[in-house]
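Structure first, then comments.
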Amino acid sequence: MINLIKQTKNTSYSAVAHLGIDFFDSGIRNSGISLTESHSRPHILPEICRIYPNIFQTNATNNPSQQFSLVLQRNKPSGRILIDLQERKCFIELLNGPTLEKELLDDETSLVTLFARIINGCSSRNIDSIQIIDTDFLSKNTAFDENKIIELLATTFAECDEYNRSMFVFDMDSLITLSINDSNMSQSTSISNIQLYRNIREKCKQAFVENKPDNCDNNFIAKEKWIVMVVKHPFLRSRLIEDIDFKQSQEQIDEEKERERKERDDETEKICPKCRRGYILSKTNYGNCQYHDGYIYDLQTKKPVSYNEAQALLLKISLLTQRGASNDQHLKLVWTCCFRIFGSDSPCRSGICGLPEELQGTQIKAENEIAEVEKHFKAKIDATNKLKVLHEVCADLFIPQPSYSTNTVFNQRSTPYSPRNS
Ligand SMILES: [Zn+2]
Ligand SMILES: [Zn+2]
């Protein structure tokens, strides 16, 4: 498509920076950079200049030449760049550390809109030749079948190899054809023009950036063979990354660790903050979690009771019952969500163990989950009117009592606990 070649190797590439909007007019003839006519698509660069009016400026702060510079100080680039249009990131692979990860700009959505980044990157590295390979490049060279395309690529690769510093930009999604096979059971994706893919893949493995040895003379010209892969389809991206062994960024390494931690976590038994029973997330199913999504209310004291307090009261009643006391005490504790009796009626809700949906994604420490969920269910439900009706209906059942204490006498009518052997 576009073949920018610096004809005089002694001319600084920064000449590009002075071309400005007139790139295609007079500037191009005087620049030392040629736009090979047979490969060019003249409307494209003016379009870039419209989108990025300062594409070739070098003096302003935060200008593209700084933002997109490939001069990376102590970081040693491998010469491979992957631009992921789906994830909206630019990955610059390094030899001496994890890949650098940079966010794409909002308007960088296609190959055309990436030109500011690519051209300024080349400018920063003094690249002699940029070759963009996409379907336009193929059609301008009348390469339509796979063999012809492979032939054209071989010639182009050889031409560019004559330059010390070159960059190839592959528009992967336009070059590689994917076929999606839909069967009843599953969907599988594969590459149709596999020969072409292999050709590009092998080229991607040949990128390198030579470093100037410490004790060499000033005439030493370090060779740089850059490869930029622009890719959008997730299948194509994953396949390419795997095949060429493209290094991960620190962010990707951290994400993978977090994913592994979560997987391990999903295999570990935990206590469900809703039903308070043990569960293993990867093995639990919908319906396994039986719970109430309200709070416990004491009809006698007319106060909410915490789950632990309710359980303690239940235990006390059970002990009293064992010793012959009346066993109707716990009837005063009800769930506000459904007015079922605490400790004896079945839960009103059914679901999957773990945090309620509303709390998923919030940062709650594992040890606080039960308390937080209890608080959440209490705040969620307004049972005032329901409780008022209940009190009216059941008014004659209870004689008001002061709140429970460790020495609570549960009901005036009940037999207070008296140790038999005291
Ligand atoms: Zn309930
Ligand atoms: Zn549960």
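Figures for the structure shown
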| item | result |
| --- | --- |
| Failed item in (1) touching a Leu at 6+ places or on another chain (Cβ under 9 Å); (2) surrounded by 15 or more Cβ atoms within 10 Å (Cβ to Cβ), with Gln248 passing the rest | (1) |
| Count of the stretch 263-298 residues which are over 17 Å from Glu369 (Cα atoms) and away from ligand 1 (no atom under 15 Å from the Cβ) | 11 |
| Where Asn218 falls short, out of the listed (1) at pLDDT below 95; (2) buried (at least 18 other Cβ atoms within 10 Å of the Cβ); (3) away from ligand 2 (no atom under 16 Å from the Cβ) | (2) |
| Candidate set: the stretch 242-285, residues that are aliphatic (A, V, I, L, M) and out of contact with any Gly (no Cβ under 9 Å at 6 or more places or on another chain); chosen: the one farthest from ligand 2 (Cβ to nearest atom) | Ile244 |
| Of all residues in the stretch 286-312 being within 15 Å of ligand 2 (Cβ to nearest atom) and assigned to a loop (DSSP other than H, G, I, E, B), the one that is farthest from the chain's Cα centre (by Cα) | His292 |
| Checklist (1) closer than 24 Å to Leu315 by Cβ; (2) in a helix (DSSP H, G or I) applied to Ser346, failing item | (2) |
| Identity of the residue in the stretch 355-388, under 20 Å from Ile296 (Cα atoms) and outside any helix (DSSP H, G or I), that ends up farthest from ligand 2 (Cβ to nearest atom) | Asp382 |
| Residue that is nearest to ligand 2 (Cβ to nearest atom), among those in the stretch 313-354 that are at pLDDT below 85 and touching a strand residue (DSSP E or B) at 6+ places or on another chain (Cβ under 8 Å) | His330 |
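The values are calculated or read from the model by the stated rules, or taken from the named source; none is laboratory data. Please read all numbers here as calculations on a predicted model, not as lab measurements. Cβ atoms come from the backbone with ideal geometry, glycine included; neighbour counts cover every protein chain shown.
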